1. How would you order 118-124, 23-29 from highest to lowest mean count of nearby Cβ atoms within 10 Å?
2. How many nm separate the modelled label positions at Gln124 and Val71, each set 7 Å beyond the Cα in the direction of the Cβ?
3. Order Asp99, Asp104 by their accessible area, 1.4 angstrom probe, all chains in place, largest first.
4. Whole number in Å², please: accessible area per residue of segment 1-65, 1.4 Å probe, ligands, DNA and RNA not counted.
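The values are calculated or read from the model by the stated rules, or taken from the named source; none is laboratory data. Computed from a predicted structure; not experimentally measured. Glycine gets a Cβ as well: all are built from the backbone with ideal geometry, and neighbour counts include every protein chain shown. Side chains are part of the model used for accessible areas, which takes the heavy atoms of the whole protein and leaves out ligands, DNA and RNA. Shrake-Rupley method; radii C 1.70, N 1.55, O 1.52, S 1.80 Å.
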Amino acid sequence: MATNVPVLVGPVQLRYVQSMTVTEGYRIERIMGSRFSQATQPTNKTIVLEAVLLGPQRLTQKKELEALALVSRLLVAAVAPTLAASGIPVVSGLTISLDMQITDLRFTQSVAKREALDVSITLQQVPRSSLSAVLGEVADLSLAAATAAVPSGPAANPIARSLGSFI
């Protein structure tokens, strides 16, 4: 049985992530006086996590995420120009992203899952310096290279078939 590797949002370990969406892109602008367009700059990276907080530590994790969101908003509002290398790192098997800020945090508790909290977290990249942006990209590329080198599943068609036979 494989171990459940958590997704780290700052110091908070999310063990039961249901989905993770990373959105990146480029701003496209029309070249003045022309019918052509070009990509001018990357848009901010956005990560959306959907997870379940289980067990007796679920309320502690909820408070940790709330504190992380509150502190990150207060730091940005209070001392944004002086922040040189701080932000919330997100580390997972999909991405390593530095300098993220929580922009939306939603908790849901339902009758169907009394002993669990569903959490939705939206983070947006807010690069503090070009050095931290480069370090984040290098870490993300390293993760991609390491993941590509490790076999992760069976071949695309592991069942040998011959012409005319049906299984």
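1. 118-124, 23-29
2. 2.2
3. Correct descending sequence by accessible area is Asp104, Asp99.
4. Accessible surface, normalised per residue, equals 71 Å².
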